[in-house]
Amino acid sequence: MQRLPSYHIPASRLGMGSSLGNSSLWVNTKNTGDIERIFSVAAGKTLVGSFSVRYGLVGRPLWDFRLGQKHDPSEKSYTPLDATEGEVTFDIHPAYQRRRFVLAAALNVRETVFLPLLAREEAQSDPPILYYLVDIENSSARDHDVRIVGSARLRGETADDVIAEYDASLQGLVATNKDELRPTRTLACTEKPVAYETHFDFGHVYDATQMRTLSNSCEASGDILGALQVELDLKAGERKLFAFKIGVIEGNADEARATFQAATSGVDALDLTIAHLEDVIHRSEVITPDPVINDGALWSKVNMRRVMAKYPTGWLFTNDPGVSSNVVCRDCAWFVVGNNYFMPQFSRSLLDKWATLQYADGKLPEFVNALTDQPQDDGLNINDDTPLYVMAADHYYRATGDLDWLRQIYPSLAKAGRHIVSQMDPRDLVYCSANDPRGYVWAIASWRNVIPNYSINGAVTEINAECVAALRYLAYLADRIPESDADARYFMDYSNRIRHAMAKHLINPDNRMFYLNIGVEGEAHTDVTGDEVFPVMFRACDEETAYRIISRLNSPDFWTSAGLRTASNLDPRYDPAAFSGLIGGVWPGLTWWYAFAAAPFHPEFMVKALRSSFEHYAENPRRYNTVPGQFSEWFDGESLVNRGMRLSPWEPPRFLWAAIEGVCGLTLTGDLPQIQPLVPVDWRWLALRRVPYHGEEISYFAVRARSTFHLYTTCEIDTSHRHSVYTTDASDNIPIFSRSARVVAFQRERETILLVGNVTTTSINVPVDLSSILMAGAKYRLSIYNSESDAWERETVIAREQVTSVTATIESQGYRLMHFTCVDE
């Protein structure tokens, strides 16, 4: 049975809240539960600032009496309440953020913030509405009158001329700018407000002594707060659920009203969002003895889904959600190689878009503004964008087998390949001639391109390694199109020429590793950086050199508990906090590149790398400025504090890619999937389920038995290991009553094979319900493989009713394999 992962954490351990996104909006939250801001994808800016909910109970403050304040007995007074009694906790869930607290030792409150994920087709967008569900229960023995006020700063980043009116049909406020009547902001409530107001009284929102009644006036305009007041008479034991809804609609007030009135209710929208995620997040489910890696793979898909945005120019994602509308080619390429295992239709949208942006000479832009469709190349004749575009397209074709699409896009890919060849110098090295004295993006042909007064140009190892791979991929793709046979030979020849030139010119004879680059002045840069992973990743060097690189980077001057530094802490240029961490900070994505590169040589290094950065997100969120499960951008190389984006879109797909193609050993060949698990010697099992492949889903698991792997799959594969093919993945039909174990079950005619794996470091008892996968009234021949004894136990014949509910005792990180064969009476 599927279950979405979640974190439960005291508010005192959080320094900031989750970042949430759907195709229309991006939202940052605070560790108080408040909304920090709501960013409109279509408008490219923040249109609503903070939103907060405050609570009060009937009662006059004592200072009213001391000061002799007059009071109308017919008017109720409310005293604000803080969530100070007991512990305030957060649930960080793929679909929402939930804050739990108690007010006045009587009111149990759950505030659930989410953005609906309801778009099912490319033509659709997710609703541009933030839901703030309030679930309040009176757990005391007496009745309570409760006042609840929701307040939103309606200006956002727009001019200070916001006007608003109350719309009774919406039960909320409708706001626009006076001089710009679109887009429209709405603040509404599913519980009918008893009062509303626009005002400038910011201090009133957090007044600790009184909670005044709103005036039912919308006269205030400018940089205003819009507020709605709800009052509840909660009987003892009564519970109430309602929602504040904040809409940011790219239209005028009338269009906004129509959108709002058609919106799904809060509870239904949440249920649909959870159901959507239950399905898509469990695609390409990585299941190993290491729960950190398992959770990392699941949360990577959560993060990827949040950044998929519908811009005026198409389905894309920005490299800086909630801040920028720029879409970077490099980031999209790396997104594709992970996302092909998740939502490949979005990968195609990205690739098709970049094909339309390609320059006439075949070069790909560095980025495009998703609002205006204006591309920019930073003045570089070549960098990583062009080869990575080819890499991403090759990966997409191998994952989907879509030959019609390949024929359609191949001319663009071939043009990119010819551009690469045209940038080769007499040494057969791809050469970046940019030499802008400002350095920075105008003189750096690398992913580390935002370092001021710095250049990585000339013959760059990273770029040449990527071009070796891109031309090799092009040769493969050309070979799939019969009329392109000549192209296949052409591109393979130039791939080999660049590879040989790298070995001849870019190897440092002093350490037998690669130069960073040979610059435009002919100077060889001997810096050993994390960029050494590129020749290894892209198979642009021999195994001896690759092994040397992997071993060198696994050294204390590069490694931290949070992952790999971009540069050695012994480097004279090393700065752990400056230059966006690109000369000494820790970038999780680099760590996962290293994980993939290390897999064939040191599987234990791969596991260490995959674990380290993802585990760091939950290690100490307040101290490190992270959110559990949320892939932030980069860490200070010494303090390990996150100093980059709260959620970085191009980190999660690299984790998923490294986990699937590294740990799980899946290689996309375009024909039969090739599976060669690459795991540490102490791992005895792993599984990968529901992988999108050529329009279907495939699953497999591997068990180590007597020092050799045996694979069980739902399709034919290419492997050097023994393997058995089944027809159906029945895993989702099996209830499992332990978070310490994972269950995978495959079936074919009259046979079921069941893996139960322990994901903890202690022995466990695992109850398993098999009633849904075994036929009523049938008898089965049962064989059990015990990983602790490394042997098959004695075979027995048993009735289905005797094993519908069983408990398996499994040693630390071990497994039990159960093979059922239906036998005649």
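The values are calculated or read from the model by the stated rules, or taken from the named source; none is laboratory data. The structure displayed is predicted, hence computed values, not measured ones. Cβ: placed from backbone, ideal geometry, glycine included. Neighbour counts: every protein chain shown. Quick note on the areas: whole protein, heavy atoms, side chains included, nothing else; ligands and nucleic acids left out. Shrake-Rupley method; radii C 1.70, N 1.55, O 1.52, S 1.80 Å.
Which one of Val803, Leu817, Ser789 has its Cα pushed farthest toward the positive end of the charge dipole of region 776-825, where Lys and Arg give +1 and Asp and Glu give -1 at the Cβ?
Towards the positive end, the residue furthest out is Val803.
Distance from the Cα centre of region 533-555 to that of region 232-248, in angstrom?
Computed from Cα coordinates, the inter-centre distance equals 58 Å.
Could you give the nm distance between label points at Asp233 and Gln408, where each point is 7 Å from its Cα heading toward the beta carbon?
6.2 nm
Can you give me the long-range amide H partners of Thr626? Hydrogens built in the peptide plane at 1.01 Å from N, cutoff under 5 Å, separation of 5 or more residues or another chain.
Gly15
Based on the alpha-carbon gyration tensor of region 223-330 and its eigenvalue square roots a ≥ b ≥ c, which shape applies: rounded if a/c is under 1.5, prolate if not and a/b is larger than b/c, or oblate?
Verdict is oblate for region 223-330.
Over region 492-539, give the accessible area per residue in Å² for a 1.4 Å probe, as an integer.
I get 43 Å² per residue for region 492-539.
Can you tell me the accessible area per residue over region 200-279, all protein chains present, probe 1.4 angstrom, in square angstrom?
45 Å²
Starting at the first residue of region 696-703, write each ³J(HN,Hα) from the Karplus equation 6.51 cos²θ - 1.76 cosθ + 1.60 with θ = phi - 60°, in whole Hz, x for Gly and Pro.
10, 10, 10, 9, 7, 9, 10, 10
Counting other Cβ atoms within 10 Å, keep those with at most 13, restrict to DSSP loop, and tell me which GluC sites (Glu not before Pro) in region 105-194 are left.
In loop regions of region 105-194 (DSSP not H, G, I, E or B), the sparsely surrounded GluC sites (Glu not before Pro) are Glu121, Glu122.
Only bridges whose two residues both fall in region 696-744 count here: according to DSSP, what percent of them are antiparallel, nearest 5?
If I count the DSSP bridges inside region 696-744, around 60 percent turn out antiparallel.
With a cap of 16 neighbouring Cβ atoms within 10 Å, and only residues DSSP puts in a loop, list the trypsin sites (Lys or Arg not before Pro) found in region 633-709.
Answer by residue number: Arg706.
Provide the descending list of Cα extents for region 386-541 along its principal axes, expressed in whole angstroms.
46, 30, 26
Find how much the distance from Leu181 to Arg573 grows on full extension, using 0.36 nm per residue of separation minus their present alpha carbon separation; answer in nm with one decimal.
136.0 nm
Check each of the trypsin sites (Lys or Arg not before Pro) in region 219-278 and keep only those in coil by DSSP with at most 14 other C-beta atoms within 10 angstrom; list them in order.
Qualifying residues, ordered by number: Lys235.
Residues in region 711-742, backbone N under 17 Å from the label point at Thr821 (7 Å along the Cα-to-beta-carbon vector): list them, ranges by number please.
Only 723-727 pass the distance filter.
Which peptide among 390-401, 501-512, 614-625 comes first, and what is the full order, when sorted by highest mean count of other Cβ atoms within 10 Å?
390-401, 614-625, 501-512
Which residues' amide hydrogens lie under 5 Å from the amide hydrogen of Met513, considering only partners 5 or more residues apart or on another chain, with H built in the peptide plane?
When sequence neighbours closer than 5 places are left aside, the close amide H contacts are Asn508.
How large a share of the accessible area of the chain, in percent, is made up of carbon and sulfur atoms when the probe is 1.4 Å and the other protein chains stay in place?
Using a 1.4 Å probe with all protein chains present, the chain comes out at 48 percent carbon and sulfur.
State to the nearest 20 debye the size of the charge dipole of the chain about its Cα centre, where the only charges are +1 on K and R beta carbons and -1 on D and E beta carbons.
Value, rounded to 20: 1120 debye.
With θ set to phi - 60° and the Karplus curve 6.51 cos²θ - 1.76 cosθ + 1.60, what are the ³J(HN,Hα) couplings of region 544-553 in order, to the nearest whole Hz, using x for Gly and Pro?
Per residue, the Karplus-derived 3J(HN,Hα) values read 5, 5, 4, 4, 4, 5, 4, 5, 5, 6 Hz.
Within 10 Å, count the other beta carbons around each residue, average over each peptide in 594-605, 722-733, 311-322, and list them highest first.
Ranking the peptides 594-605, 722-733, 311-322 by packing returns 594-605, 311-322, 722-733.
What number comes out for the charge environment of Ala253, summing +1 per Lys or Arg and -1 per Asp or Glu over other residues with Cβ under 13 Å away?
Every neighbour counted, the sum reads -2.
State the Cα centre-to-centre distance between region 785-823 and region 677-725 in whole Å.
First find each Cα centre; the distance between them is then 19 Å.
Shape of region 248-295 from its Cα gyration tensor (a ≥ b ≥ c, root eigenvalues): rounded if a/c is under 1.5, otherwise prolate when a/b > b/c, or oblate?
prolate
Tell me the net charge near Phe737. Cut-off is 14 Å between Cβ atoms, Phe737 excluded, with +1 for each Lys or Arg and -1 for each Asp or Glu.
Neighbourhood net charge equals +2.
Specify the angular offset, from 0 to 90 degrees and rounded to the nearest 10, of the alpha carbon long axis of helix 385-400 from the longest principal axis of the alpha carbons in the chain.
Tilt of helix 385-400: around 90 degrees.
Rounded if a/c is under 1.5, else prolate if a/b beats b/c, else oblate: with a ≥ b ≥ c from the C-alpha gyration tensor eigenvalues square-rooted, which is the chain?
Cα axes put the chain in the oblate bin.
With charges set only on the Cβ (+1 for Lys and Arg, -1 for Asp and Glu), what does the dipole of region 257-354 come to about its Cα centre, in debye to the nearest 20?
So the dipole magnitude of region 257-354 works out to roughly 440 debye.
Can you list the HN-Hα couplings for region 638-651, worked out from phi with the Karplus curve (6.51, -1.76, 1.60; θ = phi - 60°), rounded to whole Hz and with x for Gly and Pro?
Along region 638-651, the couplings run 10, 6, 6, 6, 5, 10, x, 4, 5, 9, 9, x, 9, 7 Hz.
Assigning unit charges at the beta carbon (Lys, Arg +1; Asp, Glu -1) and nothing else, what dipole magnitude in debye, to the nearest 20, does region 677-825 show about its Cα centre?
It comes to approximately 260 debye.
When the Cα atoms of region 363-414 are enclosed in a convex hull and the volume is divided per residue, what value in Å³ results?
Looking at region 363-414, the number lands at 94 Å³ per residue.
Given a Förster radius of 22 Å and the C-beta distance between Val323 and Ser639 as r, what FRET efficiency does 1/(1 + (r/R0)^6) yield to the nearest 0.05?
That gives a FRET efficiency of 0.40.
What's the FRET efficiency of Asp373 with Gln802 using the Cβ-Cβ distance as r and R₀ = 56 Å, to the nearest 0.05?
The formula returns an efficiency of 0.30 here.
Can you list the residues, at least 5 places off or on another chain, whose amide H is less than 5 Å from the amide H of Thr560, using H built in the peptide plane?
For Thr560, the qualifying residues are Arg565.
Of Ala104, Phe51, Ser77, which is farthest along the charge dipole of the chain in the positive direction, counting Lys and Arg as +1 and Asp and Glu as -1 at C-beta?
Most positive-ward Cα: Ala104.
Put +1 on the Cβ of each Lys and Arg and -1 on the Cβ of each Asp and Glu in region 451-493; which of Tyr473, Met492, Ile451 then has its Cα farthest toward the positive end of the dipole?
Going by the charge dipole, the pick is Ile451.
Arrange the peptides 90-100, 428-438 so that the one whose residues have, on average, the most other Cβ atoms within 10 Å appears first.
Put in order of decreasing packing, that is 90-100, 428-438.
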